[in-house]
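What follows is a single structure, written as structure tokens, with notes after it.
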Amino acid sequence: MTNAPQTIPSIWRTLPQPVIGLAPMDGVTDSAFRHIVATYGKPDIVFTEFTNVHDICSGRLKALDSLRYSEAERPVIAQIYGKDPALFYQAAHVVCELGFDGLDINMGCPSKNVASSGSGAGLIRTPNLALELMDRTRKGIQDWADGQSLADLGLKSSALQAIAQLKAEHPELTERQKRSPIPLSVKTRLGYDCNIINEWSDCLIQGRPEVIVIHGRTLSQMYRGHSDWEAITLATQHIRKYGIGVLGNGDIQTLEQATARIQESGVNGVLIGRGALGNPWIFQGIHQVHEAFSTGTPLKLRTLEPSLEEKFQAMIKHAKCFEAINGTERFVRMRKHLGWYCSSFPHAAAMRAHMVRTNGSRDVMDILDAYLKTHMAVEATASASTST
Ligand SMILES: Cc1cc2nc3c(=O)[nH]c(=O)nc-3n(C[C@H](O)[C@H](O)[C@H](O)COP(=O)(O)O)c2cc1C
């Protein structure tokens, strides 16, 4: 295999190449899911769900939940969104203080309440503001690295308390944290209602992020059509001339597809989103991808589809992990994951219908037990009747 991508700066430089990471997905890639993904096939990098800068700075504990993570997930990048430069400056301090490995600004969210208010992909229409946000964020990161404390920022004492509480979940930080600046990246789309990635990337380049993640759709496309990898390829050729890394994103369902996309487009790596839903095994075999690129040999994936038993074990582990982090009262947010696991086995649809009504890991275990008993009884009857 030829075409090994060159390395990209900072934390990104320490990662295996090409980089294959888990894309941020609001309501999906929470700490429990990222932990499970790390257990079954560790991606090179993961992102938090996007978090509003206003929520971060006001210290709303529930909103700060999306900034929870465990050491097992590292390296982990915090993704933030909003449109107020002053809040980006403050939020950058908080992200650094919490020990994240990098900070990503969301300039790609198409959802109405985000983009139409001028945040997320809405920033594609206000390039000067986008640049200002990058500038203030970088300044926030640098000032924090130079020793500025959260107390100096004038945050409310309730916010300071909430942030301190979150930081206390990482006793290792006090020892480890060296106050060195973390890298800034941006995740975006090809344009607002048409592909303007050439001029848009020119703007982003001026903001000097270390990495730009490009999802090959416009805002108007939402998730319709296909991710345009030709556009990603052209943009990559341009952006990489400036020493900025590019990760491509969109419609990758397997590591084989990831490998092909990286080779064809020349990106430094890819992020995989929906391909990981109900499939935390998707990153298994990632070492073989790295090996293929570093040795220039063809990719030989030695991965197996998870067995039914492995799938069930993962569901239980995920449900318990979710409960340990969030308690049972929010278990409703876990249900969709359980539904996504229910595919490619007999009577999966019937099980899904039960799983989306669960209220805790005990319910999950009961459903799986009942399934196994029925399934085994049916199999035993079938094999008895064929042997008579
Ligand atoms: C449910 C859902 C939530 C998402 N939330 C975010 C988010 O918080 N931040 C972000 O940058 N992108 C978000 N995305 C976009 C994904 O990161 C990714 O760009 C998109 O799904 C295309 O990649 P894929 O085809 O591999 O899924 C989200 C996508 C989905 C489906």
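Checking the table K42/K300; K241/K300; K42/K62 against a 25 Å threshold on Cα-Cα, which pairs fail? Listed pairs above 25 Å: K241/K300; K42/K62. Extending 7 Å from Cα along the Cβ direction at E305 and again at R208 yields two label points whose distance is 5.1 nm.
Compared with the alpha-carbon gap, the fully stretched path from A377 to T297 is longer by 24.0 nm at 0.36 nm per residue.
In this label model, K178 and K156 are separated by 3.7 nm, measuring between points 7 Å along each Cα→Cβ vector. Each Cα pair under 8 Å and six or more residues apart adds its separation to the average, and for the chain the resulting relative contact order is 18 percent. Scaling the Cα radius of gyration of the range 58-161 by the globular reference 2.2 N^0.38 Å produces a ratio of 1.08.
Counting every pair of alpha carbons in the range 237-288, the share spaced more than 12 Å apart comes to 64 percent.
The GNM of the chain, with springs linking C-alpha atoms under 10 angstrom apart, assigns the highest mean-square fluctuation among V46, V37, V378 to V378. Using the average count of surrounding beta-carbon atoms within 10 Å as a protection proxy, the listed peptides 345-352, 162-169, 202-209 rank, highest first, as 202-209, 162-169, 345-352.
For the chain, the longest principal axis of the Cα atoms and the long axis of helix 85-97 meet at an angle of about 60 degrees. For the range 240-271, the list of trypsin sites (Lys or Arg not before Pro) that fall in a loop by DSSP and count at most 15 other C-beta atoms within 10 angstrom reads K241. With the convex hull drawn over the C-alpha atoms of the range 308-387, the volume per residue is 77 Å³. Principal axis analysis of the Cα atoms in the chain yields extents of 78, 52, 41 Å, listed in decreasing size.
The convex hull drawn around the Cα atoms of the range 200-278, when projected onto a plane and averaged over every direction, covers 5.4 nm². Working note: 222 nm ellipticity from helices only, DSSP H runs with n ≥ 4, each -39,500 (n - 2.57), summed and divided by the residues of the chain, gives -14000 deg cm²/dmol to the nearest 500.
All of the numbers you see were taken from the coordinates with simple rules; none came from a lab. Because the structure is predicted, anything quoted here is derived from the model rather than measured. Don't worry about glycine lacking a Cβ; one is built from the backbone with ideal geometry, like all the others, and counts go over all protein chains shown.
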